[in-house]
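The next block holds one structure in the form of structure tokens; read it before the comments.
The values are calculated or read from the model by the stated rules, or taken from the named source; none is laboratory data. It should be emphasised that the depicted structure is a prediction, and the values quoted were computed from it without experimental measurement. Don't worry about glycine lacking a Cβ; one is built from the backbone with ideal geometry, like all the others, and counts go over all protein chains shown.
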Amino acid sequence: MALILITLARLLISAMDCIEYLLIGYIILGWFVFFGVIKNRNSVFLRIYIFLMTKIEPLLALIRRFLPTVAGFDFSPLVVFFGLHLAKVLVIQVFCLLLRAFNA
């Protein structure tokens with residue numbers, strides 16, 4: 001049973017890590033577009049950016065409903081990072097408690 005719990009915890013944390021990496025890529029590519037480093041006509045870039053947008057934008061839109069833009073800055077990615085970190089800590093704590101309960 002302990003092996004199943006450890007595997008499940010690692011799977012959840014890996015999924016959250018994957019979301020973080022996608023978010024970082026989305027932010028960096030967005031900056032490249034904003035500062036004109038990469039043009040929208042680049043088809044490879046556009047495909048990658050659309051892929052990242054379809055995965056990350058629903059999560060950011062959920063946060064933007066409750067957190068307005070302040071002075072032109074969008075803080076929703078920061079809230080998602082903090083939320084993911086908090087979720088990782090909670091997953092680790094819950095699974096540690098469950099492991100202790102099964103080992104007792």
**Request:** Have a look at L97, L90 and point out the one that is within 20 Å of C18 (Cα to Cα), loosely packed, with under 13 Cβ neighbours inside 10 Å and free of Cβ contacts under 8 Å to residues at least 24 places away in the same chain.
**Result:** L90
**Message:** If I ask for residues that are farther than 22 Å from L29 by Cα and touching a residue at least 60 places away in the same chain (Cβ under 8 Å), which ones from segment 53-87 would you list?
**Reply:** A87
**Request:** Would you check which residues across segment 1-25 are farther than 19 Å from V91 by Cα and touching a Lys or Arg at 6+ places or on another chain (Cβ under 8 Å) and list them?
**Result:** L22
**Request:** Could you list all residues from segment 28-48 that are surrounded by 15 or more Cβ atoms within 10 Å (Cβ to Cβ) and either in contact with a strand residue (DSSP E or B) (Cβ under 7 Å, 6 or more places away or on another chain) or under 24 Å from F82 (Cβ atoms) (or both)?
**Result:** L29, G30
**Tally, over segment 47-80, of residues that are under 14 Å from C18 (Cα atoms) and either in contact with a His (Cβ under 7 Å, 6 or more places away or on another chain) or modelled with pLDDT under 90 (or both)** = 0
**Prompt:** Filter segment 1-15 for residues that are surrounded by 15 or more Cβ atoms within 10 Å (Cβ to Cβ) and within 22 Å of the chain's Cα centre (by Cα); which is nearest to C96 (Cα to Cα)?
**Reply:** A9
